[in-house]
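Structure, as structure tokens:
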Amino acid sequence: QVRLVESGGGLVQAGGSLRLSCAASVRTFSSYTMGWFRQAPGKEREFVAAISWTGGSTDYADSVKGRFTISRDNAKKTVYLQMNSLKPEDTGVYYCAAGPQFRMPTDRREYGRWGQGTQVTVSS
């Protein structure tokens, strides 16, 4: 069983930064691709970023490329999302998710375990 707990959300002004963390309670954390998704009010949950099980490959949504960085520490069983140059349209609930080991899907339906989410609000 994989349990994921996000933290680090909050209220920030446009142009500011936040660092989200997602701690996993699973023995085989390094066997999972990890992803970050977000959901704004009234919108579907969308892909933000993913990182391979080794940490050697990453993928980003076009809307966050160059501003967000995903990373992981397998020894600490934690995945991070560094968010810089935040914009009001980045506002939403951010979720981390555990996915298949040898692929980095952008489709949320391919991720089997989810955290409870952390709220990010960017004011203009």
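The values are calculated or read from the model by the stated rules, or taken from the named source; none is laboratory data. Keep in mind that what you see is a predicted model, and the values were worked out from it rather than measured. Note that we place each Cβ from the backbone using ideal geometry, even for glycine, and neighbour counts take in every protein chain shown. Only protein heavy atoms, including side chains, enter the accessible area calculation; ligands, DNA and RNA are left aside. Shrake-Rupley method; radii C 1.70, N 1.55, O 1.52, S 1.80 Å.
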Each label sits 7 Å from Cα toward the beta-carbon; between LYS87 and GLN39 the label points are separated, in nm, by 2.3 nm
Expressed as a whole-number percentage, the relative contact order of the chain with C-alpha contacts under 8 angstrom and at least six residues apart is 36 percent
Going residue by residue through the range 95-105, the Karplus relation 6.51 cos²θ - 1.76 cosθ + 1.60 with θ = phi - 60° gives ³J(HN,Hα) values, rounded to whole Hz and with x marking Gly or Pro, of 10, 9, 8, 9, x, x, 5, 9, 9, 10, x
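Taking the range 23-124, which trypsin sites (Lys or Arg not before Pro) meet the DSSP loop condition and have no more than 14 other C-beta atoms within 10 Å?
Values: sites: ARG27, ARG38, LYS43, ARG45, LYS65, ARG67, ARG72, LYS76, LYS77, ARG103, ARG108, ARG109, ARG113; in loops: ARG27, LYS43, ARG45, LYS65, ARG67, LYS76, LYS77, ARG103.
Here the trypsin sites (Lys or Arg not before Pro) that fit, given the DSSP loop and packing criteria, are ARG27, LYS43, LYS65, LYS76, ARG103.
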Spelling it out for LYS87: with amide H atoms placed in the peptide plane at 1.01 Å from N, the residues 5 or more places away or on another chain with amide H under 5 Å from its amide H are GLY15
Accessible-area order for MET104, MET83, largest to smallest, probe 1.4 angstrom, reads MET104, MET83
For the chain, the per residue accessible area (1.4 Å probe, Å²) is 51 Å²
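Could you give the length gained on full extension between ARG109 and SER57, defined as 0.36 nm per residue of separation minus the Cα-Cα distance, in nm?
Working: separation 52, 0.36 × 52 = 18.72 nm, distance 2.04 nm.
Roughly 16.7 nm would be gained on extension.
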Under the rule rounded for a/c under 1.5, else prolate if a/b exceeds b/c, else oblate, using alpha carbon gyration tensor axes a ≥ b ≥ c, the range 1-61 is classed as prolate
Taking a straight Cα-to-Cα line shorter than 28 Å from LYS87, and setting aside same-chain lysines fewer than 8 residues away, one finds LYS43, LYS65
